[in-house]
Amino acid sequence: MTDFLSDEQGKQLLRLARETIDTQLSGRQPVQQQGDSGLDSERGTFVTLKIGGQLRGCIGNLLPSGSVLESVQRNALNAAFNDHRFSPLTGDELARVHIDISILTEPVALEYDDGDDLIHKLRPGVDGVILSHGRHSATFLPQVWDQLPAAELFLGHLCRKAGLNDHAWRDHHPQIKIYQVQCFEEETT
């Protein structure tokens, strides 16, 4: 992955995400953030919230949408308050939330001949995958490989997330794009 962010920049983004959520919960005015040139660049980002190792919210953008700083702030708020799978985050929950931020490379199309070739070309734990077929589309970040390490299982769950049957990846030759991430996560205490 090119254009790596430093560990210090990652820590700044994690603080920004937490402060942005806390500010929204407390009703205070958001603080304007100043970043260095790496954080002013435009990249896709995802913010993932977990409590006790369980997903509590995850929202992002696959393609750049404003600076990394702006994108992380927006996605932190959306993961906390607008992920339709969960009720809005509460102040009590914020103290237990573990934040994970992913900075994405630009997605590229993965050419493959059939399901077996697709499985052979995917790199578990490395590739994030975007699956599209007709009006159906979904993505899994590379971190999802930790829960679904077998490619068949990973792709089946991704199809289900997209609203397709579990075997659509093999039966319908969907469009596949891959990307990689640089991940920053809060230290566990």
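If you check GLY52 against the conditions, is it open to solvent by less than 90 Å² (accessible area, probe 1.4 Å), modelled with pLDDT of 90 or more, in contact with a strand residue (DSSP E or B) (Cβ under 8 Å, 6 or more places away or on another chain) and among the small types (Gly, Ala, Ser)? So GLY52 does not fit the description; no. Across the range 1-19, the qualifying residues are those that are among the acidic types (Asp, Glu) and either modelled with pLDDT of 90 or more or surrounded by 20 or more Cβ atoms within 10 Å (Cβ to Cβ) (or both), and the one among them that is nearest to GLY125 (Cα to Cα) is ASP7. Go through the residues of the range 154-164 one by one and say whether even a single one is part of a loop (DSSP other than H, G, I, E, B), at pLDDT below 95 and of a type in the set (Gly, Ala, Ser). For the range 154-164, residues part of a loop (DSSP other than H, G, I, E, B), at pLDDT below 95 and of a type in the set (Gly, Ala, Ser): absent.
I'd like to know if the range 76-95 contains one or more residues that are touching a residue at least 40 places away in the same chain (Cβ under 8 Å), within 21 Å of LEU131 (Cβ to Cβ) and open to solvent by 40 Å² or more (accessible area, probe 1.4 Å). For the range 76-95, residues touching a residue at least 40 places away in the same chain (Cβ under 8 Å), within 21 Å of LEU131 (Cβ to Cβ) and open to solvent by 40 Å² or more (accessible area, probe 1.4 Å): absent. Restricting to the range 107-128, name every residue that is in a strand (DSSP E or B) and touching a Leu at 6+ places or on another chain (Cβ under 6 Å). The answer is GLY128, and nothing else.
The values are calculated or read from the model by the stated rules, or taken from the named source; none is laboratory data. Not measured: the values here are computed from a predicted model. Every residue, glycine as well, gets a Cβ built from its backbone with ideal geometry; the counts of neighbours run over all protein chains shown. Only protein heavy atoms, including side chains, enter the accessible area calculation; ligands, DNA and RNA are left aside. Shrake-Rupley method; radii C 1.70, N 1.55, O 1.52, S 1.80 Å.
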